[in-house]
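Quick notes on the structure that follows.
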């Protein structure tokens, strides 16, 4: 049997480099891998090993004095929860269904006419966050000797009891997006030589992102039967997520070359995934990762998928807008690299 070269194999160069240059290059690559792996361990373990809730938002009507009093008593003992006041119960419920808060606390009367409290949660927004709210307020209600009834108005899908499917779908879409850009960088070069070629590359990445969005929606919908509704919205959200990751990767590689792939992995995987809020809600993460969630692509991707699948349409506004900004900024940066660096190449 012939084990010779095939069309997919790339043999070592016939003309070998000096051994010192090869040694330096190999050492540099190993050192870069060591740095990324160490950062990976530090980021994941540092962000997720000991979740500490802080300022988890709970809605309350401004006129609901008993509920406000209980939340004030909790706040005096712990900073885990933060009361967010709304004009009336309807506004508080609207905030719950738009991902503005994780729960709504309201007072009322029990069967015997005695004071009672109702806690309405949206576990689809973050099961770990709603667990903190429920446990904390149950203890507070017991101390105040007021019965507390808990209902989940926006639960996670039955096929995803831990609520992790949006996060893993986001990871796959982001991964596919930046790998698509990286593969074009390897095969065609990281910097297009003309604006026309740059436009063709952007168009190719857009088509790739659209197909990836469709694939993700079909896998999580008809394939695994996790979600059955909003198929078109899930396709659009997935395409936007993958396209944002692809354009960010293309822009970085356009300016830094293939070594820019390491920076993309650092931003989108090493730091992006633990800061995404997909495993633990942002309010349970250290400050660095909590702040990162506001702008990093995996965090925006996770938020957008949750909004599309579980919440009102207005919940999609901010994550979709920020991902669109990533797309535009990446395209402009790639065009700038073409103008500055692409035409200098022989």
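Tabulated values for the structure
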| quantity | calculated |
| --- | --- |
| By average C-beta atoms within 10 angstrom, highest first, the peptides 30-36, 206-212, 158-164, 274-280 | 274-280, 206-212, 158-164, 30-36 |
| Gyration tensor (alpha-carbon) shape descriptor, the stretch 33-98, a/c threshold 1.5 | oblate |
| Beta bridges per DSSP with both ends in the stretch 56-152, % antiparallel, nearest 5 | 35 |
| Relative contact order %, the chain, counting alpha carbon pairs below 8 Å whose residues are six or more apart | 18 |
| Between the stretch 80-129 and the stretch 210-225, the Cα center-to-center distance that results, in Å | 33 |
| Among 273, 312, 296, residue whose mean-square fluctuation peaks in a GNM of the chain (springs only between Cα atoms under 10 Å) | 312 |
| Among 306, 79, 322: highest mean-square fluctuation, GNM of the chain, C-alpha pairs under 10 Å | 79 |
| Antiparallel DSSP beta bridges within the chain, percent to nearest 5 | 35 |
| Sequence-separation-based contact order of the stretch 51-149, relative, with Cα cut under 8 Å and 6+ spacing, percent | 27 |
| Folded to 0 to 90 degrees: helix 19-48 orientation relative to the chain principal axis, Cα | 10 |
| GNM flexibility winner over the chain from 176, 330, 110 (Cα, springs under 10 Å) | 110 |
| Rounded, prolate or oblate (a/c below 1.5 giving rounded, otherwise prolate when a/b exceeds b/c) for the stretch 169-324 by Cα gyration tensor | oblate |
| Cα shape, the chain, gyration tensor, a/c 1.5 rule | prolate |
| Between helix 231-256 and the chain: long-axis angle, C-alpha atoms, 0 to 90°, nearest 10 | 50 |
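None of the figures in this text is laboratory data; all of them are computed from the coordinates on show. Source: prediction; values computed, not measured. Positions of Cβ are generated from backbone atoms using ideal geometry, with glycine treated the same way; all protein chains shown enter the neighbour counts.
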